[in-house]
Amino acid sequence: MYQPKFKLRFSSNSLANIAMTLNTEHQKMPLTMNIWTTAMMNTTQKGAKAFNTIVERNISDVEVLEDIYLQLKGLVKVIQ
C-alpha cells in the first residue's frame, strides 16, 4: 500500500492533512459529533437532515480522494 506520509514526509497521513498540504480543489468537510449522533438516534426531520449532511460529506470525501490521487499518481510506481 502506498502511504504518502512516509514517502513525501507529510506530518499526518489523514485525508484532511494531505488535501490541505497539496491545496486540492476539494477539502474535507468537517462534521461535529452532534451531527453523527443526531443521524443515528433521531428519526425525525432533524435526523434526516443530519443523515443527508453525512451523505454529502461522504461524497466530498471521494472528491478529495480523487484530487489527491490525481496529484500523486505520477509518484506511484506500482499499485498492488
### MRE, 222 nm, helices only [DSSP H, n ≥ 4, -39500 (n - 2.57), over the chain, to nearest 500]
-19500 deg cm²/dmol
### Message
Under 24 Å between alpha carbons: how many lysine pairs meet that in the chain, if sequence neighbours fewer than 8 apart on the same chain are excluded?
### Response
9
#### Entry: Share of carbon and sulfur in the accessible heavy-atom surface of the chain [1.4 Å probe, %]
58
### Query
Stretched out fully, how many nm does the piece from Asn23 to Ser11 gain, at 0.36 nm a residue minus the Cα gap?
2.8 nm
### Message
What number comes out for accessible area per residue over the chain if the probe is 1.4 Å? Units Å², please.
### Response
78
### Query
Applying the Karplus parametrisation 6.51 cos²θ - 1.76 cosθ + 1.60 with θ = phi - 60° to the phi angles of the stretch 23-37, what ³J(HN,Hα) value in whole Hz is obtained for each residue in order, glycine and proline being reported as x?
6, 5, 4, 9, 10, 4, 9, x, 10, 8, 4, 4, 5, 5, 5
#### Entry: Nearest 10 degrees, 0 to 90: helix 45-72 Cα axis against the chain principal axis
10
### Summary
Per the rule of 0.36 nm per residue minus the C-alpha distance, extending Val62 to Gln45 adds in nm 3.5 nm
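The values are calculated or read from the model by the stated rules, or taken from the named source; none is laboratory data. Because the structure is predicted, anything quoted here is derived from the model rather than measured. Heavy atoms of the whole protein, side chains included, go into the accessibility calculation; ligands, DNA and RNA do not. Shrake-Rupley method; radii C 1.70, N 1.55, O 1.52, S 1.80 Å.
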